[in-house]
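S.K.: Let me give you the structure first, and then I'll get to my questions.
Each reported figure results from applying straightforward, stated rules to the coordinates on display, with no laboratory input. Treat the numbers as computed from the prediction; the structure is a model and nothing was measured. All Cβ positions, even for glycine, are placed from backbone atoms using ideal geometry, and neighbour counts span all protein chains on display.
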Amino acid sequence: MSQDLNPNIAATDDAREYLTFRLGQEEYGLNILNVQEIRGYDAVTKIANSPAFLKGVINMRGVIVPIIDMRIRFNLGEATYNEFTVVIILNIGSRVIGMVVDAVSDVTSLKADQVRPAPDFGSVLDTAYIDGLATVDERMIIVIDIEKLMTAEDMGLVDQAAA
């Protein structure tokens, strides 16, 4: 195995499946095993004094689910909600979290050797949650570790739930 591959990507010939989604002009991928379901964007109940990226919560079959707007989380500007806007419902540890994205693209299989490490941006950009970059059919996919992103200190979602 080449040393430059990210250790979070399996070191086998087996491909992993990623759900790809769009935020603006960029395409992202996350491990399909974290996805519980995909649903259309619907009204949320806002929570006072919450961070801007936390749009609110929904009641999904008796479970209160926080909804994160990924455009705001990634500083990509205000989202425009339309018929393509979806919420990806994720299982992260023992939590259920929803994330709003512009659109879901498809499910893509990536082998470990297709994913290259993210460039080092130093302190300018936190890339701890980026597993790497993959090119598929001339499309660049930013592969994110959704568990690292959702458990990050500035998100505080999973740790608060465990308390």
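S.K.: Which parts of the stretch 14-29 would a label at Glu83 reach, counting a residue when its backbone N lies under 19 Å from a point 7 Å out along Cα-to-Cβ?
M.R.: Residues 22 qualify, since their backbone N sits under 19 Å from the label point.
S.K.: Lysines near Lys46 by alpha-carbon distance under 23 Å, same-chain residues fewer than 8 away left out - which ones?
M.R.: Partners found: Lys55.
S.K.: Give me the net charge of Arg22's neighbourhood, meaning all other residues with Cβ under 12 Å from the Cβ of Arg22; Lys, Arg count +1, Asp, Glu -1. Numbers along the way, then the final one.
M.R.: Working: positive: Arg71, Arg139; negative: Glu26, Glu27, Asp102, Asp106.
Result for the neighbourhood of Arg22: -2.
S.K.: By how many nm would the segment from Ile64 to Met140 grow when fully extended, if each residue of separation counts as 0.36 nm and the alpha-carbon distance is taken off?
M.R.: Fully extending the segment from Ile64 to Met140 adds 23.9 nm.
S.K.: Fully extended, how many nm does the chain gain between Asn91 and Leu33 (0.36 nm per residue separation, minus their Cα-Cα distance)?
M.R.: The span from Asn91 to Leu33 would gain 20.0 nm if fully extended.
S.K.: Past the 16 angstrom mark, what percentage of all C-alpha to C-alpha distances in the stretch 12-54 do you count? Provide the component values of the computation, followed by the final result.
M.R.: Working: 565 of 903 pairs.
When all Cα pairs of the stretch 12-54 are counted, 63 percent exceed 16 Å.
S.K.: For the charge dipole of the stretch 12-64, defined by +1 on Lys and Arg C-beta atoms and -1 on Asp and Glu C-beta atoms about the Cα centroid, which residue among Leu23, Val35, Ser50 has the Cα displaced farthest towards the positive pole?
M.R.: Farthest towards the positive end: Ser50.
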